[in-house]
């Protein structure tokens, strides 16, 4: 029945409260009512008004600037040409040791007498400076032969490793 009254727009009666709760309510001091904070809708309305006013103020400022200063002619845009594309050559494949030796031999001009040097003993077990001298002579394997220009520097190198090489088919030592 209460549901029917709600549906028709009426109010339904609440069931009666117990007498103990009435007595407690009479003894309790009345609650102080706290004033409610202002509704945030008013703040949003104020913000909306100021937001509407801001574009108008900006329009007014822009119109004042246009009226005060005459427009300066714009400088013509200069088109800067792009630098030409540079073609990068593909990387070279490294030469093998034999190709390097041949290229060096071909590049050396015939300035004087040549000397044939052959490695007859291994550089293993020799001091580091002698192994470096063999590398400077271009000798890395036993029975490897090089034809070099005779010079005082070459003679000093051959003297250092004379026990490991032969010169023009004769032992250097």
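The values are calculated or read from the model by the stated rules, or taken from the named source; none is laboratory data. As the structure is a computational prediction, the values presented were derived from the model and not from experiment. As a convention, Cβ positions derive from the backbone with ideal geometry for all residues, glycine included, and neighbour counts pool all protein chains shown.
Scanning the stretch 133-170 for residues that are surrounded by fewer than 12 Cβ atoms within 10 Å (Cβ to Cβ) and farther than 19 Å from residue 111 by Cβ yields 135, 141, 143, 159, 169, 170. For the criterion of being modelled with pLDDT of 65 or more and either surrounded by fewer than 10 Cβ atoms within 10 Å (Cβ to Cβ) or more than 30 Å from residue 138 (Cβ to Cβ) (or both), residue 111 passes. For the list (1) at pLDDT below 80; (2) farther than 24 Å from residue 156 by Cβ, I need the number of the one condition that residue 103 fails. Exception for residue 103: condition (1).
The residues on offer are 65, 71, 116, and the sole one that is modelled with pLDDT under 80 and outside any loop (DSSP other than H, G, I, E, B) is 65.
Okay, residues lined up against (1) outside any helix (DSSP H, G or I); (2) touching a strand residue (DSSP E or B) at 6+ places or on another chain (Cβ under 9 Å); (3) at pLDDT 95 or above:
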{"residue": "129", "(1), (2), (3)": "no, no, yes"}
{"residue": "132", "(1), (2), (3)": "no, no, yes"}
{"residue": "147", "(1), (2), (3)": "yes, yes, no"}
{"residue": "158", "(1), (2), (3)": "no, yes, yes"}
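Set side by side, the residues 137, 119, 111 differ, and just one is under 25 Å from residue 169 (Cβ atoms), out of contact with any helix residue (DSSP H, G or I) (no Cβ under 8 Å at 6 or more places or on another chain) and free of Cβ contacts under 8 Å to residues at least 60 places away in the same chain, which is 111.
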